Amino acid sequence: MRILSKEEFESEKDIIRTSLIENNVVFIYPTDTIYGIGCSAVNKEAVDKIRKIKERNGSPFSVIAPSKEWIDEHCVVNENAREWIKRLPGPYTLILKRKKDCVAENVAPNTDTLGVRIPDHWFSNFASEIGLPIITTSVNKTGSDFMTSLNDLDTDIKSKVDFIVYEDAIKGRPSKIVDLTDEVKVIER
């Protein structure tokens with residue numbers, strides 16, 4: 001397992017892109033809120049690895065969307081949703097109904113919805129460049145504290161990821177969840 005700086009990640013992007021698409025790569029990365037653990041959201045085996053790492057069986061994961069256009073193409077965007085999408089990039093996870101299969105079936109099992117984010121962070125450019133959604137969920141085992149720095153990274157999780165993109169401590173909170181499937185419901189965490 002390697003720890004990469006932003007500069008190292010940028011210089012190895014092509015190799016990382018290929019690994020995400022062809023392999024079951026799982027990694028930790030910074031966002032505008034907290035550190036996330038992710039993989040290609042279209043790779044069922046990689047998503048299963050994150051479920052095992054987090055000890056999270058059935059509840060849905062969210063994704064970093066490659067673009068607002070991707071959200072429009074793959075999700076039902078009503079007037080309320082359109083207003084919230086204008087706020088992206090930002091510290092929001094928008095819960096929308098899916099129009100079609102756009103992620104692996106185990107990303108959001110037994111539901112027709114999908115949580116989408118576009119963090120206000122340089123890492124979002126990577127999802128945009130590869131044109132694929134990336135799983136975004138906090139770096140922790142379910143029920144435990146989330147990662148804000150390498151000092152509080154669970155050693156078991158650290159041993160199961162392929163690499164970490166690290167930028168120092170992040171003193172944020174998880175993104176605000178906004179359910180836009182019917183009426184607007186803001187869920188505080």
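The values are calculated or read from the model by the stated rules, or taken from the named source; none is laboratory data. These numbers were taken from a predicted model, which means no experiment stands behind them. As a convention, Cβ positions derive from the backbone with ideal geometry for all residues, glycine included, and neighbour counts pool all protein chains shown.
Summary table below
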{"quantity": "Number of the condition not met by residue 120 [criteria: (1) in contact with a Phe, Trp or Tyr (Cβ under 7 Å, 6 or more places away or on another chain); (2) over 23 Å from residue 24 (Cα atoms)]", "calculated": "(1)"}
{"quantity": "Within segment 134-189, strands (runs of 3 or more DSSP E) holding 1 or more residues that are under 18 Å from residue 119 (Cβ atoms), touching a helix residue (DSSP H, G or I) at 6+ places or on another chain (Cβ under 7 Å) and modelled with pLDDT of 95 or more", "calculated": "134-138, 163-165, 176-179"}
{"quantity": "Wholly enclosed strands (runs of 3 or more DSSP E) of segment 1-52 bearing at least 1 residues touching a Pro at 6+ places or on another chain (Cβ under 9 Å)", "calculated": "27-30, 35-38"}
{"quantity": "Any chance residue 28 is on the phi < 0 side of the Ramachandran plot and buried (at least 16 other Cβ atoms within 10 Å of the Cβ)", "calculated": "yes"}
{"quantity": "Total residues in segment 69-116, condition of a type outside the set (S, T, N, Q), over 20 Å from residue 174 (Cα atoms) and outside any helix (DSSP H, G or I)", "calculated": "14"}
{"quantity": "Tabulated pairs, segment 67-88, first within 13 Å of residue 183 (Cα to Cα), second buried (at least 19 other Cβ atoms within 10 Å of the Cβ) and β-branched (Val, Ile, Thr), C-beta under 8 angstrom, 6+ apart or interchain", "calculated": "77/71; 77/85; 84/178"}
